[in-house]
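**Q** This is the structure I want to talk about, given as structure tokens.
The values are calculated or read from the model by the stated rules, or taken from the named source; none is laboratory data. All figures in this text were calculated on a predicted structure; none of them were measured in a lab. Cβ placement follows ideal geometry from the backbone for every residue including glycine, while neighbour counts extend to all protein chains displayed. When the accessible area is computed, the model is the full protein with side chains, heavy atoms only, and any ligands, DNA or RNA have been set aside. Shrake-Rupley method; radii C 1.70, N 1.55, O 1.52, S 1.80 Å.
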Amino acid sequence: MGKAAATRLTILQKAFELIYINGYQSTSIDDIIATTQVTKGAFFYHFKNKEEMGLAVINEMMEQTMGKMLLEPLLSSENPLNAIYEMMEYLLIQDPYLQIKYGCPTNNLIQEMAPLNEKFNEALAKIMNQMLLAMENAIEKAKDLDLVKAEVNSKEVSIFIASGYGGIRNLGKLYGTSNYYQAYLKALKSYLDSLQ
């Protein structure tokens, strides 16, 4: 990786961290510059404005990470229902970066920016659509393997699971305890078992 690419990646990584903790609107270009120790000129060499940088965080950091860490394993699993549960458990309990008090980076940006900025809305919808489609495909695969009842509607199930994840992340932020995560995972396990 060349120096320019490394600088750009550093900016995106730090921007992601600051946005996750403080929100997009509360994170300024000056905050990012101060924490990366790059110059303002270097920032504007890579991004014409804050919006372009924010979209790069979504498209290059969040989407790619989700695909590699979550969706690829889900789609290649021999037991798709277990893989869905394990994905949620990883996100809620095991992921070393995601913190209860800050919630889910994608969910946070959806709540903060999707109603305000069409480009953010489109980029965030792309991420959610990928997650929903991956779960739908996993459930269809489970049906083909006779692991899920034939009458199960995979789209409805994926919407239900994803919305439950977003909601439980909000409860975690509000109450600051993983007890709610454990309750969600227990209920999710029962729900997935009921699909068999």
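**Q** The stretch 58-144: which chymotrypsin sites (Phe, Trp or Tyr not before Pro) are DSSP loop and have at most 14 other beta-carbon atoms within 10 angstrom?
**A** Hits after loop and neighbour filter: Tyr97.
**Q** Sticking with this structure for a sec: Just Asn59, Asn170, Asn179 to compare: in a GNM of the chain, with alpha carbon springs under 10 Å, which one fluctuates most?
**A** Comparing Asn59, Asn170, Asn179 in the GNM, the peak value goes to Asn179.
**Q** Over the stretch 64-109, with the other protein chains present, what is the accessible area per residue in square angstrom, probe 1.4 angstrom?
**A** 49
**Q** Using only the heavy atoms of the protein chains and a 1.4 Å probe, how would Arg169, Arg8 rank by accessible area, largest first?
**A** Putting Arg169, Arg8 in descending order of accessible area: Arg8, Arg169.
**Q** Please list, in order along the stretch 63-74, the HN-Hα scalar couplings obtained from phi with the Karplus expression 6.51 cos²θ - 1.76 cosθ + 1.60 (θ = phi - 60°), rounded to whole Hz, x for Gly and Pro.
**A** 5, 5, 5, 4, x, 6, 7, 10, 6, 4, x, 4
**Q** While we're looking at this one, here's another question. In straight Cα distance, which aspartates and glutamates are under 14 Å from Lys186, not counting same-chain residues fewer than 8 positions off?
**A** Glu86, Glu89
**Q** When the Cα centres of the stretch 69-86 and the stretch 142-165 are compared, how far apart do they sit, in Å?
**A** Going from one Cα centre to the other spans 13 Å.
**Q** Now, a different point. Would you calculate the separation in nanometres between label points at Ile29 and Lys189, each defined as 7 Å from the Cα along the Cα-to-beta-carbon direction?
**A** A separation of 5.0 nm, rounded to one decimal place.
**Q** Please report the carbon-and-sulfur percent of the accessible area for the stretch 1-76; probe 1.4 Å, protein heavy atoms only, DNA, RNA and ligands left out.
**A** 54
**Q** Please work out how much accessible surface Met69 shows to a 1.4 Å probe, ignoring ligands, DNA and RNA, in Å² rounded to 10.
**A** 90
**Q** Can you pull the one-decimal nm distance between simple spin-label points at Ala125 and Ala162, each 7 Å off the Cα toward Cβ?
**A** Each label point lies 7 Å from its Cα, and together they span 1.2 nm.
**Q** Continuing with the same structure: Which whole-Hz couplings ³J(HN,Hα) result when phi for each residue of the stretch 20-30 is put into the Karplus expression 6.51 cos²θ - 1.76 cosθ + 1.60, θ = phi - 60°, listed in order with x for Gly and Pro?
**A** Each residue of the stretch 20-30 in turn: 4, 7, 10, x, 5, 5, 8, 9, 9, 4, 4 Hz.
**Q** Which entries in Lys48/Lys101; Lys119/Lys189; Lys48/Lys155; Lys119/Lys143; Lys50/Lys189; Lys68/Lys173 show an alpha-carbon gap greater than 29 Å?
**A** Lys48/Lys101; Lys119/Lys189; Lys48/Lys155; Lys119/Lys143; Lys50/Lys189
**Q** Separate question: With labels modelled as points extended 7 Å from the Cα through the Cβ direction, what inter-label distance (nm, one decimal) is found for Ala6 paired with Glu78?
**A** 4.2
**Q** If DNA, RNA and ligands are ignored and the probe is 1.4 Å, what is the ranking of Asp31, Asp146, Asp95 by accessible area, most exposed first?
**A** In descending accessible area the options line up as Asp146, Asp31, Asp95.
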